[in-house]
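Participant: For reference, the structure I am asking about is given below.
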Amino acid sequence: MEYWLATSPIPGVILWTILYISDYALTIHSARGFREIGHVQFEGSFELTPQYQKDIDALKPVSKRHIISLVLSSLLIGVIWWATKRLLFSPWTYLLYLLYLGMFLLLEVAVHLRHLRNISLIREIRKNGGVEGQISYKKWFSYRISASEFYVFSALFLLVAVLTYSPFFLGGAIMCLGTGVKHSQLAKKAKTTPLQVVASQT
């Protein structure tokens, strides 16, 4: 399958587009769901990526920032494929492309698993209850939990990469590790600059 992904940039771009769009849609779905169940509040914003926080807080079904980012990142995948195929004259250059593609796709896989967890939680509370009162997440706590999860995904992808000699999974491990480090840094910053509690409001 990895060889198939490397034969053309089209499969990678298609998968990336599907995952990137569904990521935004599922974020909106989860943000709306947490507001509706009324038990959970988030300091600052439910969304952790700073550039999308205003759009997610407003529950915009279409985000201009998201579309621009999708177009640019899709072009980048194509450029990376072209560069590894046309500029680097080696039969092993496709491995470099797979490394980069894994960084894009497997990060989104990790994010989607978190979305499924949130959706499952919201559905269970709506259907059976089981939660009373309210819980408020500090922004630094949300970032720290997110960082811990990305570290776990990084370790998992690295294990698969080692066992299967896969540059694709190695790319995912590197990207998840980098995102975990970034969120750890944002947690430290958020802890020193408290924000207003929002989110469980309609």
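The values are calculated or read from the model by the stated rules, or taken from the named source; none is laboratory data. Just so we're clear, the structure is a prediction, and the values are computed from it rather than from any experiment. Reconstructed Cβ throughout: ideal geometry from the backbone, glycine too, with neighbour counts over all protein chains shown. For the accessible areas, the whole protein counts, side chains as well, though only heavy atoms, and no ligand, DNA or RNA atoms are used. Shrake-Rupley method; radii C 1.70, N 1.55, O 1.52, S 1.80 Å.
Participant: Can you tell me which residue is modelled with the lowest pLDDT among those in the range 125-141 that are assigned to a loop (DSSP other than H, G, I, E, B) and under 30 Å from Leu186 (Cβ atoms)?
Facilitator: Applying the filter and picking the extreme gives Val131.
Participant: I'd like to know if the range 133-149 contains one or more residues that are surrounded by fewer than 17 Cβ atoms within 10 Å (Cβ to Cβ) and in contact with a Leu (Cβ under 9 Å, 6 or more places away or on another chain).
Facilitator: no
Participant: Say we look at the range 150-169 and pick out the residues that are hydroxyl-bearing (Ser, Thr, Tyr) and either out of contact with any helix residue (DSSP H, G or I) (no Cβ under 7 Å at 6 or more places or on another chain) or not in a helix (DSSP H, G or I) (or both); which of these is surrounded by the most Cβ atoms within 10 Å (Cβ to Cβ)?
Facilitator: Ranking the qualifying residues of the range 150-169, first place goes to Ser166.
Participant: Looking at (1) without any contact (Cβ under 8 Å) to a residue 12 or more places away in the chain; (2) more than 24 Å from Ser184 (Cβ to Cβ), which is the only condition Gly33 fails?
Facilitator: (1)
Participant: Of all residues in the range 19-60, how many are in contact with a helix residue (DSSP H, G or I) (Cβ under 8 Å, 6 or more places away or on another chain) and assigned to a strand (DSSP E or B)?
Facilitator: Total meeting the criteria: 3.
Participant: Is the range 70-92 home to any residue that is at pLDDT 95 or above and small (Gly, Ala, Ser)?
Facilitator: Among the residues of the range 70-92, at least one is at pLDDT 95 or above and small (Gly, Ala, Ser), which makes the answer yes.
Participant: Is it the case that Val109 is β-branched (Val, Ile, Thr), open to solvent by 40 Å² or more (accessible area, probe 1.4 Å) and outside any helix (DSSP H, G or I)?
Facilitator: no
Participant: The conditions are (1) open to solvent by less than 20 Å² (accessible area, probe 1.4 Å); (2) closer than 30 Å to Ile125 by Cβ; (3) not polar (S, T, N, Q), and Tyr52 fails exactly one of them. Which is it?
Facilitator: Result: Tyr52 passes all but (1).
Participant: If you take the residues in the range 1-18 that are part of a helix (DSSP H, G or I) and not aliphatic (A, V, I, L, M), which one is least open to solvent (accessible area, probe 1.4 Å)?
Facilitator: Among those residues, the one meeting the criterion is Gly12.
Participant: Next question. Checking the condition at pLDDT 95 or above, open to solvent by less than 80 Å² (accessible area, probe 1.4 Å) and not polar (S, T, N, Q), which residue from Ile28, Ile67 passes?
Facilitator: Ile28
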